[in-house]
2 protein chains.
Amino acid sequence: MKEEQFLNTISKVLDDSSLLGDDCAYLSDFNIYATCDNLIEDVHFDLKTTDAISLGYKSVAVNLSDLASNLSTPKYILLGLSLPNYLSEEFFKDFYTGVNNICNKYNVKVAGGDITSSSKICISVCALGVKNKIIASRKNKINAGDFVCTTGEFGSSILGFKILNDANLKNDYKNDELDYFIKKHIKPEPRIYEMKQILNNIDSETIAMMDTSDGLGDALYKLAIINNVCLDVDFDKIPFHCSLKKNKNYKDYILWGGEDYELLFIINKNDYYKLDKNLFHKIGVVKENINKHTVVINYQNNSCDIINDKIYKRKVFNHFEDK
Amino acid sequence: MKEEQFLNTISKVLDDSSLLGDDCAYLSDFNIYATCDNLIEDVHFDLKTTDAISLGYKSVAVNLSDLASNLSTPKYILLGLSLPNYLSEEFFKDFYTGVNNICNKYNVKVAGGDITSSSKICISVCALGVKNKIIASRKNKINAGDFVCTTGEFGSSILGFKILNDANLKNDYKNDELDYFIKKHIKPEPRIYEMKQILNNIDSETIAMMDTSDGLGDALYKLAIINNVCLDVDFDKIPFHCSLKKNKNYKDYILWGGEDYELLFIINKNDYYKLDKNLFHKIGVVKENINKHTVVINYQNNSCDIINDKIYKRKVFNHFEDK
């Protein structure tokens, strides 16, 4: 089964599935946002390629990123941790050190949890955040001429992953580059600081936004489809590390690598000019969706790639890919 | 490592571990209660002995029980589900049918979740509940003469578990008994209705309470230790199914079986008389803790068992028991 099928089945079975489908749900009774993620050993991470401190950090980071993409300031996490008996106390201590580091950094409290045994490590994190005065969601009123913006850079996480899993790739990069890409993969940073900059500087009361955990191309396509617009993107404006070009697949990594945990959002010109250009990058503009092109990626040599339904389905990172 | 060691390590590593230690945490910024549990295949359940509908139901039930034990009315759950690829859509549909059944029954919304693949099933549920006007927690002001009370009955769940795992045991019971005990194990009921009865009928503003998921003996001992009192319990007042006596270990099952998900609480006489005697059972009284006996279980033949630190440690159900 594919993720889409799962969601389809759930919405048929549940009497009320209105809060499902997004990475983050708004709980109106409590006026808070909530999100949860399961991270499974040998599916989402491998102890051969990550240390326990980074793993603890990342487990929380991916959830804080979901809150950030809804402009919700994180406040609490709950952490369920299932561990094989052979793991040492050192591993456990290091894991919680990573959790503590990120919680301290972003002023988040660990509000509970569960510890059980298991044959493979299973980490489940639920994160809860405040509703702020500006509302972010995937669907929003968008006008032709609005700007498509991102934080951070793309493709580094997947290159880090490839380097960790293919020793031959290591020869292509200097040591500091290797460290850089690997860190981008095993210890990503949620864009909480950038989220606060948006909250403090723009005038709009709502904004179309999501994180790029499943890839920039995925996020562009989803925002375009949901809002029925065409996103016209200038590939050369997308920020990425210059050494990424050493890899022949770098364009694919940038658009479809995933696990970047950057924010992608659509904003009007006036708001864009209020933002710090060192933190936020305009990578395209909104056009009316006349030719059903959805997303157009323009290159310097005047060629372009079009992301339509067929290409999206072929490209998208899918946790349940049938082997 | 034992659960106690884990908690010890966490509290050393985290800068703020003030919200940990209980089954349920009060999140003051949001004025809500939160709890989470991981259920792992072949640790907490076995597909040979449970069906998917019951599994979905139980996964939510154990979390609602944690909220009930804090007199918090459940409102939302988040559900992280990691499944092996070989499981059918039917399994998935049935699992969510169980989730839907219990959510409908108790007016709880599924507020999000995550679906990933894994080698063994890993279910993580986070439940969020309202803070009500009466506060329940393990620690509370307790007076000698107060009553020790419970809901429901004890020992049936563990007998159900034993029956499911030992075909020989089946011969000792009639079919309707087998069904009864097995259902008690695979599809327990959280005491939400009873919780509401307490909320609507007692005058006290606070109450010492916990659920008996780790066994009645465990809960009695913990409440006694935390509140520095002796709980003097009349074994013959503890409710249990009459056929339980067919098993020579029935006393152990009643006190230490666990997974009963009943409520254990301590209440003053006046409040006790306001409660429905069909739902709530007085099983003992509070005495001053003079002889460090902590918990005394009295039997009809005038013999008694004492639960002290040493006996507790030997008896208690421990998820991390060293093999």
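The values are calculated or read from the model by the stated rules, or taken from the named source; none is laboratory data. All figures in this text were calculated on a predicted structure; none of them were measured in a lab. Cβ: placed from backbone, ideal geometry, glycine included. Neighbour counts: every protein chain shown. SASA here: full protein model, heavy atoms, side chains in, ligands and nucleic acids out. Shrake-Rupley method; radii C 1.70, N 1.55, O 1.52, S 1.80 Å.
Among DSSP bridges having both ends in region A:135-315, what percentage is antiparallel? Round to the nearest 5.
75 percent
How big is the dipole moment of chain B about its Cα centre under a simple scheme where the beta carbon of each Lys and Arg is +1, that of each Asp and Glu is -1, and everything else is neutral? Debye, nearest 20, please.
The calculated dipole for chain B is roughly 600 debye.
At R0 = 35 Å, how high is the FRET efficiency between B:Asn249 and B:Asn85 if r is their beta carbon distance? Nearest 0.05 is fine.
0.30
Could I have the simple spin-label model distance between A:Asn168 and A:Lys310, label points 7 Å from Cα toward Cβ, reported in nm to one decimal?
3.2 nm
Mind pulling up the Rg/Rh value for region B:14-130? Radius of gyration and Kirkwood radius, both on Cα.
Over the Cα atoms of region B:14-130, Rg/Rh equals 0.99.
Total accessible area buried between chains B and A, 1.4 Å probe, in Å² to the nearest 100?
Counting protein atoms only, the buried area is about 5400 Å².
For label points placed 7 Å from Cα toward Cβ, what is the shortest-first list of nm distances from A:Lys292 to its copies?
8.1
Among the lysines, select those whose C-alpha is under 18 Å from the C-alpha of B:Lys237, and discard any that sit fewer than 8 residues away in the same chain.
B:Lys245, B:Lys251, B:Lys269, B:Lys277, B:Lys282, B:Lys287
Considering only DSSP beta bridges where both residues belong to chain A, give the percentage that are antiparallel (nearest 5).
Here the antiparallel bridges make up roughly 75 percent for chain A.
With each label point set 7 Å from Cα along the Cα-Cβ vector, what nm distance links B:Asn201 and A:Lys274?
About 5.7 nm, to one decimal.
Using 0.36 nm per residue of separation minus the Cα-Cα distance, give me the extension gain between B:Lys183 and B:Lys292 in nm, one decimal.
My answer for the length gained is 35.4 nm.
Taking beta carbons within 10 Å but only from partner chains, what does the mean come to for residues B:128-135?
Per residue, the average neighbour count from other chains is 1.
How long, wide and thick is the protein assembly as shown, going by the Cα atoms along their three principal axes, in whole angstroms, largest first?
Extents along the principal axes: 94, 48, 45 Å.
Might you tell me the accessible area per residue for region B:1-124, computed with a 1.4 Å probe and given in Å²?
35 Å²
Which one of A:Ser243, A:Gly257, A:Ile267 is farthest out on the positive end of the charge dipole of region A:135-315, using unit charges on Cβ (Lys, Arg +1; Asp, Glu -1) and the Cα centre as origin?
A:Gly257
How large is the dipole of region A:3-130 about the Cα centre if only Lys and Arg carry +1 and Asp and Glu carry -1, each at its Cβ, rounded to the nearest 20 debye?
With Lys and Arg at +1 and Asp and Glu at -1, about 400 debye.
In the Gaussian network model of chain A, springs joining C-alpha atoms below 10 Å, which of A:Ala167, A:Ala127, A:Ala25 carries the largest mean-square fluctuation?
A:Ala167
Place a +1 charge on the Cβ of each Lys and Arg in the protein assembly as shown and a -1 charge on the Cβ of each Asp and Glu, then give the dipole magnitude about the Cα centre in debye, rounded to the nearest 20.
That gives a dipole near 420 debye.
Seen from all sides and averaged, what is the projected area of the convex hull of the Cα atoms in region B:135-315, in nm²?
Its average projected convex-hull area is 10.4 nm².
Might you list the cysteines of chain A that have no disulfide-compatible partner by the rule of another cysteine's Cβ under 4.7 Å?
A:Cys24, A:Cys103, A:Cys149, A:Cys230, A:Cys242, A:Cys304
Output the pairs from A:Lys292/A:Lys313; A:Lys48/A:Lys222; A:Lys12/B:Lys131; B:Lys162/B:Lys248 with a Cα-Cα distance over 22 Å in this structure; if there are none, say none.
Among A:Lys292/A:Lys313; A:Lys48/A:Lys222; A:Lys12/B:Lys131; B:Lys162/B:Lys248, the Cα-Cα distance tops 22 Å for A:Lys48/A:Lys222; A:Lys12/B:Lys131.
Just to compare against my own numbers: the Cα pair-distance distribution for region A:231-323, 10 Å bins, whole % per bin, please.
12, 42, 35, 10, 1
At a 10 angstrom cut-off on C-beta neighbours, averaged per residue, how do the peptides B:295-307, B:223-235, A:252-264 rank from highest to lowest?
A:252-264, B:223-235, B:295-307
If you restrict to DSSP beta bridges whose two residues both lie in the protein assembly as shown, what percentage is antiparallel, to the nearest 5?
About 75 percent, rounded to the nearest 5.
Under a 10 Å cutoff between Cα atoms, tell me which one of B:His44, B:His185, B:His293 has the largest fluctuation in the Gaussian network model of chain B.
Looking only at B:His44, B:His185, B:His293, the largest GNM fluctuation is found for B:His44.
If the reach is capped at under 16 angstrom between alpha carbons, list the aspartates and glutamates near A:Lys174, excluding any in the same chain fewer than eight residues apart.
A:Asp166
Just tell me which aspartates and glutamates come within less than 12 Å, Cα to Cα, of B:Lys75; anything on the same chain fewer than 8 places away is out.
A:Asp29
Would you give the gap between the C-alpha center of region A:19-91 and the C-alpha center of region B:266-281, rounded to a whole Å?
42 Å
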